[in-house]
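Could you have a look at this structure, given as structure tokens, before my questions?
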């Protein structure tokens, strides 16, 4: 039976080539636009650390003065001061935790005549790299003792190792950063979480990973300045450790809900204590997990949402268009339907026949839509945005294309197929 | 035109009519909003910065090598500037902390009193020496330029509030709307005043973001040479026609003086490059909106053609009867045009509601501007014309149905 429907549908579609092409093309354009924008949205709102992100939390407090405080509207700050970050860190209330700040390092190649260049640097404490699951090609991360001793050690990224040492095992060799020698203790494998969750508040969220990772105290001792500093009062930003400035992030690993509740209690208690001591004036705290933090920071740009919304409107119009054209076609074939019904075809059979026709349009639209989506993504990759190079169609999106195409075609086919199957055979036969 | 028979006939094609109405409504809503966004983005693109864009280029110079003292850096900057100014293709060169359309940069609140709580305005801060006006190619419309002896230096984490300042006309008028701002003080986040000694015609700020639109031309120039250990920008104006040569020679001259520096290829460059970088995402969005609108209009027109063709085919006999009873070809033509006009009117009515609600949503969720009713009017007109144009071919075909069709049974 299905084969027969296919044959009928094929013949019906072939009879009206222009119309069929129009339907397929419209559907394909709608689907192509949707898949392109959805891929970008998914890329932008993706999980940077699958499997780990649910256990990573980001404590936030608010050291601002009372002035300008609006209950319910003022939000805790994005970063911590040195004092608060260290107080929370030293309390060791989480199995693993790390302080992070982003900086920039002037990297001097060893060979004479090699021009220095700038690389992104991550100043962190020892557990940062193991906690986020960074893979090591050679060596390992530095230790907590290195942290406290201010040891001048560094972990470098694979691309930097390629650039400086030709990809060889460089553990034990030195790298000159901002005019100071640092000993390499580890070389990372490919590591570039998208988005770079620890850098989003400075707007460098996507793209290649960072070049160097070094202990926070050692980095500060060599006067490496954090990229993101915000101060609420005048102070000497040369001495960030005492200035009223926020520039550090603290990530804590909390394995279960009980641990999260515990940490939240600890954080609230800490803030109350600070208020009692007169250091703090606001009691708000927050403890978002990684994905919530990304949402709070609105990493997905408005333009991407706007485009996705437009693409869906576009698909809606294309589907409406297809319904209209299918309907017109089916109404024209009332006589044929009348004959088939008179010869014994059930309503179900007629319905099935028209749905098969719609499904063929949908599949063709999906296939062509995939081509359009690839073309769209190619266009995105040639855009200047920092995430552009990452825009690729993956397997799940590929499957999704076909589900969307088929679903929209079947939805489009419902009304015409229903109208076709309720055609009364007698008047149609009489008129011919 | 007879409307009643058209309405009666439409009642027999409810599903088709509703679909066309929906399609026209959605198309109107999307096209109006897309065109509005497109126009908003494109209108920035052509705004002049006030500088001599055809001959200007910017060198992003970062200091590398061993840390230098502020005095050493200042000496190097001055040597660099002399070297740049002596290049044959260069008209003038000046140091600065930033340049228009850089994307982001230093801006300060500005007020008229030292203890003012609410600042009068926000303004971009450009640092420079007595060569900056000539290097940028901005026009001094009142007052005077800085003198060489007024130029100070700004080291890392130093706070300097200059005694003299040059402002743009936009800022001058904002601060002193009645009467000349020349010789008057302004307070830029400090207790000490800066005297306005000169007013330039136009100098755009660094950011082109929406929040900055209100301050787009409110800039001030401070007589300071930037001596930060990180680096600075050299604003270089080439002689007419010698931009390419000057851009080739300038980095060579700088590296010959001191090789321990990095000239950032992703920053600065010719002003054409700077402009392109600043507006890239705007242009991308505008192109996308344009393509979507065009494709939507084509699809909607094609849908109308398709559906009307079928209606014409379905009604051949009815048309034949009308022709046999004395209807002229024009009557048939006007019947289908009227029918389409009625459907389109229904569509644009619904579409206006949809377009406005979509715009309201954009305003609330994305901080867009409210759409001007002109876009709606233009969109409505466009879709009505599109409908009439799309229906013309099938309607002509219908008008050519011969009266003899009435006698045929098929």
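Please give the number of the condition residue B:370 fails out of (1) in contact (Cβ under 8 Å) with a residue 60 or more places away in the chain; (2) in contact with a helix residue (DSSP H, G or I) (Cβ under 9 Å, 6 or more places away or on another chain); (3) more than 9 Å from chain A (Cβ to nearest Cβ).
All conditions are met except number (1).
I'd like the residue in segment A:347-377 that is within 14 Å of chain B (Cβ to nearest Cβ) and under 30 Å from residue B:266 (Cα atoms) and, out of all such residues, is surrounded by the most Cβ atoms within 10 Å (Cβ to Cβ).
Applying the filter and picking the extreme gives A:376.
Exactly one condition in (1) within 12 Å of another protein chain (Cβ to nearest Cβ); (2) at pLDDT below 90; (3) part of a helix (DSSP H, G or I) is not met by residue B:355; state its number.
Failed condition: (2).
Output the residue which, of all residues in segment A:328-344 that are within 48 Å of the chain's Cα centre (by Cα) and within 12 Å of residue A:357 (Cβ to Cβ), is farthest from the other protein chains (Cβ to nearest Cβ).
Filtering first and then ranking leaves A:330.
Right, residue B:394: farther than 20 Å from residue B:348 by Cβ and either more than 14 Å from chain A (Cβ to nearest Cβ) or free of Cβ contacts under 8 Å to residues at least 24 places away in the same chain (or both) or not?
no
Sort out which residues of segment B:247-289 are closer than 30 Å to residue A:33 by Cβ and touching a residue at least 60 places away in the same chain (Cβ under 8 Å), and write them in order of number.
Those that are closer than 30 Å to residue A:33 by Cβ and touching a residue at least 60 places away in the same chain (Cβ under 8 Å): B:275, B:277, B:278, B:279, B:282, B:283, B:285, B:286, B:289.
Any chance segment A:411-427 includes a residue that's away from chain B (no Cβ under 14 Å), part of a helix (DSSP H, G or I) and under 33 Å from the mean Cα position of the chain (by Cα)?
no
Further question on the same structure: What about residue B:381, is it loosely packed, with under 14 Cβ neighbours inside 10 Å, farther than 30 Å from residue B:329 by Cα and assigned by TED's automatic domain parsing to the domain that holds residue B:293?
No; evaluated as a whole, the condition is false for this residue.
Is it fair to say residue B:336 is over 19 Å from residue B:380 (Cα atoms) and over 32 Å from the mean Cα position of the chain (by Cα)?
Taking the combined requirement at face value, the residue satisfies it.
If the requirement is being surrounded by fewer than 14 Cβ atoms within 10 Å (Cβ to Cβ), in a helix (DSSP H, G or I) and under 38 Å from the mean Cα position of the chain (by Cα), which of these qualifies: B:364, B:348?
Going through B:364, B:348 in turn, the sole match is B:364.
Still on this model: Please return the ranges of helices (runs of 4 or more DSSP H) entirely within segment A:44-160 where 3 or more residues are touching a strand residue (DSSP E or B) at 6+ places or on another chain (Cβ under 7 Å) and assigned by TED's automatic domain parsing to the domain that holds residue A:248.
Once the helices (runs of 4 or more DSSP H) in segment A:44-160 are filtered for at least 3 residues that are touching a strand residue (DSSP E or B) at 6+ places or on another chain (Cβ under 7 Å) and assigned by TED's automatic domain parsing to the domain that holds residue A:248, what remains is A:82-90, A:128-131.
Let's see how each residue does on (1) surrounded by fewer than 18 Cβ atoms within 10 Å (Cβ to Cβ); (2) away from chain B (no Cβ under 14 Å); (3) under 20 Å from the mean Cα position of the chain (by Cα); (4) modelled with pLDDT of 85 or more:
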site: A:248; (1), (2), (3), (4): no, yes, no, yes
site: A:256; (1), (2), (3), (4): yes, yes, no, yes
site: A:277; (1), (2), (3), (4): yes, yes, no, yes
site: A:290; (1), (2), (3), (4): no, yes, yes, yes
site: A:324; (1), (2), (3), (4): no, no, no, no
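Residue under question is residue B:84, and the condition is that it be within 14 Å of chain A (Cβ to nearest Cβ), in contact with a helix residue (DSSP H, G or I) (Cβ under 8 Å, 6 or more places away or on another chain) and either at pLDDT below 95 or more than 19 Å from residue B:213 (Cα to Cα) (or both); does it hold?
no
Shifting gears a bit: Which one of these is away from every other protein chain (no Cβ under 14 Å), surrounded by fewer than 19 Cβ atoms within 10 Å (Cβ to Cβ) and not in a loop (DSSP other than H, G, I, E, B): B:130, B:173?
The conditions single out B:173.
Exactly one condition in (1) closer than 22 Å to residue B:250 by Cβ; (2) in a strand (DSSP E or B) is not met by residue B:98; state its number.
(2)
Suppose we filter B:15, B:29 for residues that are at the interface with chain A (Cβ under 10 Å from one of its Cβ atoms), assigned to a helix (DSSP H, G or I), in contact with a helix residue (DSSP H, G or I) (Cβ under 8 Å, 6 or more places away or on another chain) and without any contact (Cβ under 8 Å) to a residue 12 or more places away in the chain; which single one remains?
One residue alone meets the criteria, B:15.
If residue B:2 passes every condition in (1) touching a strand residue (DSSP E or B) at 6+ places or on another chain (Cβ under 9 Å); (2) at pLDDT below 90; (3) over 30 Å from residue B:260 (Cα atoms) but one, which one does it miss?
Unmet for residue B:2, out of (1) touching a strand residue (DSSP E or B) at 6+ places or on another chain (Cβ under 9 Å); (2) at pLDDT below 90; (3) over 30 Å from residue B:260 (Cα atoms): (1).
Provide a single number: the residues in segment B:178-233 that are modelled with pLDDT of 90 or more and closer than 20 Å to residue B:104 by Cβ.
Of the residues in segment B:178-233, 13 are modelled with pLDDT of 90 or more and closer than 20 Å to residue B:104 by Cβ.
For segment B:87-105, does any single residue satisfy the condition of being away from chain A (no Cβ under 14 Å), loosely packed, with under 15 Cβ neighbours inside 10 Å and out of contact with any helix residue (DSSP H, G or I) (no Cβ under 7 Å at 6 or more places or on another chain)?
There is at least one residue in segment B:87-105 that is away from chain A (no Cβ under 14 Å), loosely packed, with under 15 Cβ neighbours inside 10 Å and out of contact with any helix residue (DSSP H, G or I) (no Cβ under 7 Å at 6 or more places or on another chain).
Can you tell which of B:322, B:283 is assigned by TED's automatic domain parsing to the domain that holds residue B:343 and closer than 30 Å to residue B:61 by Cβ?
Being assigned by TED's automatic domain parsing to the domain that holds residue B:343 and closer than 30 Å to residue B:61 by Cβ holds for just one of B:322, B:283, which is B:283.
Residues to consider are A:38, A:6; find the one that is in a helix (DSSP H, G or I), more than 29 Å from residue A:389 (Cβ to Cβ) and away from chain B (no Cβ under 12 Å).
So the residue among A:38, A:6 that is in a helix (DSSP H, G or I), more than 29 Å from residue A:389 (Cβ to Cβ) and away from chain B (no Cβ under 12 Å) is A:6.
While we're looking at this one, here's another question. Taking strands (runs of 3 or more DSSP E) that do not extend beyond segment B:212-327, which have at least 3 residues that are more than 10 Å from every other protein chain (Cβ to nearest Cβ) and crowded, with 17+ Cβ neighbours inside 10 Å?
B:219-226, B:231-238
The values are calculated or read from the model by the stated rules, or taken from the named source; none is laboratory data. The model shown is predicted, which means the values in this text are computed figures rather than measured ones. Virtual Cβ from ideal backbone geometry, glycine too; neighbours counted across all protein chains shown.
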